[in-house]
1. Among residues other than Glu55 whose Cβ falls under 14 Å from its Cβ, what is the net charge (Lys/Arg +1, Asp/Glu -1)?
2. May I ask you to sort Val124, Val6, Val90 by Cβ crowding, counting other Cβ atoms within 10 Å and putting the fewest first?
3. Could you check the simple spin-label distance between Arg57 and Ile4, using points 7 Å along Cα→Cβ, in nm with one decimal?
4. Would you calculate, for the chain, the mean residue ellipticity at 222 nm contributed by helices, counting each DSSP H stretch of 4 or more residues as -39,500 (n - 2.57) and dividing by all residues, to the nearest 500?
5. Using just the C-alpha positions of the chain as equal point scatterers, what log10 of I(q)/I(0) does the Debye formula give at each q in 0.12, 0.15 1/Å?
6. List the relative contact order of the chain as a percent without decimals, with contacts defined as Cα pairs under 8 Å and 6+ residues apart.
7. Report the FRET efficiency, 1/(1 + (r/R0)^6), for Tyr27 and Arg136, where r is their Cβ-Cβ distance and R0 is 35 Å, rounded to 0.05.
8. Val95 to Trp14: FRET efficiency via 1/(1 + (r/R0)^6), r the Cβ-Cβ distance, R0 22 Å, to the nearest 0.05?
Amino acid sequence: MVRIVVAGAVIREWGGANRVLLAQRAYPPHLAGLWELPGGKVEEGESPAQALERELREELEIEVVGGDRIGDAVPVGDDLELRAYRARWVAGEPVAVEHRALGWFDDAEVVRLADSGEMVPADVGWVRELVDLLRRP
Ligand code: 523
């Protein structure tokens, strides 16, 4: 059975640019140090939006509401399907509970991370759509 993994893009405008919140993974070893849209596996009985809201509450201590899909699903191995969503920020300042670090990245910085191999490989599949969102006024 294929498990769905949801990942959320929280976008905020500051310093004159739209920025997306990315999180630097601490595990497993082959992904440690790489940046991702934060999220995790959908549990039984949860909708993807509920899973996204729970994961960001657990991992970042923020309240969000799950929104529109971003880009296509990305298969990882034989048993995972990753989906990215907009996550509308509601409350809380992000804290790196499980990640090594957090950062707010503008369009050029997202492209640089992807091009330099510093982004989780599956997430590179969403960079084009993310950049389009970040370039919107
Ligand atoms: N990814 C991934 N990109 C991305 C996320 C949130 C997850 O490639 N933006 C992959 C990494 C793992 C798998 O999806 O192979 C599960 O992600 P993880 O570990 O963040 O999900 P959890 O927290 O639900 O997993 P457990 O630690 O197993 O509970």
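1. Its environment carries a net charge of -3.
2. Sorted ascending by nearby Cβ count, the order is Val90, Val124, Val6.
3. 1.8 nm
4. -7000 deg cm²/dmol, from helical runs alone.
5. Scattering profile of the chain, log10 relative to I(0): -0.41, -0.67.
6. Working: 286 pairs, mean separation 42.7, N = 137.
Worked out over the chain, it gives 31 percent.
7. On the way: r = 34 Å, r/R0 = 0.96.
Computed FRET efficiency for Tyr27 and Arg136 comes out at 0.55.
8. The value I calculate is 0.75.
Laboratory data are not the source of any read-out in this text; all were calculated from the coordinates shown. Predicted, not measured: the structure shown is a model, and the values here were computed from it. Don't worry about glycine lacking a Cβ; one is built from the backbone with ideal geometry, like all the others, and counts go over all protein chains shown.
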